[in-house]
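Asks: Submitted below is the structure of interest, expressed as structure tokens.
The values are calculated or read from the model by the stated rules, or taken from the named source; none is laboratory data. Predicted model, so just to flag it, every value in this text is computed and none were measured. For neighbour counting, all protein chains shown are included, and Cβ atoms are generated from backbone atoms with ideal geometry for every residue, glycine included.
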């Protein structure tokens, strides 16, 4: 695996990594990113996206920097134009069993395996996937520096947010629709008042602390 050096992101062409691979005759490039490592509830979700050559989408960047409305719009555009998309989801149970880092890698492998496209090279946001048999490049701040990874970031984020919106319908007292499972003040107060639910990560603080009491 080749690990790219960290570079200045202020004046960056987010198609640079893709263009370098195109020059080598590699066109089926997958971007892989995850969402949901920090929340107290729900799964970690990864996405793998293969874009057509020279795909452009003004404003596309790290999903966390986009508004929900913009993410939904970009999600539809990416899904309509991508050559392949794969999703990997690892539940809170898996996270508790193997830890969040390992669960994240498993979700990435799953997303790549679920991608309905023959992949020639994988661009990964920060993580190293040692067992991956496809040539790959790990890029620090990849969701900012690669349009393929940025696309995967959007697909993963929207996918996970929609799962948490459904969970909010079942447990509105935790405010999942707004916090998406992250430890906001309202979420933590709800845990203290109502206790934990099945979807909470039992190895994460303050959830595990409550269980010990």
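Asks: Could you tell me how many of the residues in the range 78-114 are touching a residue at least 60 places away in the same chain (Cβ under 8 Å), more than 23 Å from residue 204 (Cβ to Cβ) and surrounded by fewer than 18 Cβ atoms within 10 Å (Cβ to Cβ)?
Replies: Of the residues in the range 78-114, 2 are touching a residue at least 60 places away in the same chain (Cβ under 8 Å), more than 23 Å from residue 204 (Cβ to Cβ) and surrounded by fewer than 18 Cβ atoms within 10 Å (Cβ to Cβ).
Asks: Name every residue in the range 130-158 that is surrounded by fewer than 19 Cβ atoms within 10 Å (Cβ to Cβ) and over 23 Å from residue 19 (Cβ atoms), in order of residue number.
Replies: Within the range 130-158, 130, 131, 133 meet the criteria.
Asks: If you scan the range 59-84, which residues turn out to be at pLDDT below 95, outside any loop (DSSP other than H, G, I, E, B) and touching a helix residue (DSSP H, G or I) at 6+ places or on another chain (Cβ under 6 Å)?
Replies: Within the range 59-84, just 63 meets the criteria.
Asks: Turning to a different aspect of this structure: Can you name the residue in the range 197-213 that is at pLDDT 95 or above and part of a loop (DSSP other than H, G, I, E, B) and is also surrounded by the most Cβ atoms within 10 Å (Cβ to Cβ) among such residues?
Replies: Of everything passing the filter in the range 197-213, 201 is surrounded by the most Cβ atoms within 10 Å (Cβ to Cβ).
Asks: Report every pair of residues separated by at least 6 positions or lying on different chains whose Cβ atoms are under 9 Å apart, first residue within the range 185-213 and without any contact (Cβ under 8 Å) to a residue 60 or more places away in the chain and on the phi > 0 side of the Ramachandran plot, second part of a helix (DSSP H, G or I) and surrounded by 13 or more Cβ atoms within 10 Å (Cβ to Cβ).
Replies: 195/210
Asks: Report, by residue number, each residue of the range 28-39 that is buried (at least 24 other Cβ atoms within 10 Å of the Cβ) and not in a strand (DSSP E or B).
Replies: Matches in the range 28-39: 36, 39.
Asks: If you go through the range 52-67, how many residues are over 22 Å from residue 117 (Cα atoms) and loosely packed, with under 12 Cβ neighbours inside 10 Å?
Replies: Within the range 52-67, residues that are over 22 Å from residue 117 (Cα atoms) and loosely packed, with under 12 Cβ neighbours inside 10 Å number 4.
Asks: Continuing with this model, one more query. Is there a residue in the range 93-102 that is in a loop (DSSP other than H, G, I, E, B), modelled with pLDDT of 95 or more and either closer than 14 Å to residue 161 by Cβ or in contact with a helix residue (DSSP H, G or I) (Cβ under 7 Å, 6 or more places away or on another chain) (or both)?
Replies: No, that holds for no residue.
Asks: Let me ask another. What tally of residues in the range 159-196 results from selecting those that are under 25 Å from residue 72 (Cβ atoms) and part of a helix (DSSP H, G or I)?
Replies: 20
Asks: Consider residue 119 against the criteria (1) surrounded by 14 or more Cβ atoms within 10 Å (Cβ to Cβ); (2) at pLDDT 95 or above; (3) not in a loop (DSSP other than H, G, I, E, B): it satisfies all of them except one. Which criterion is unmet?
Replies: (3)
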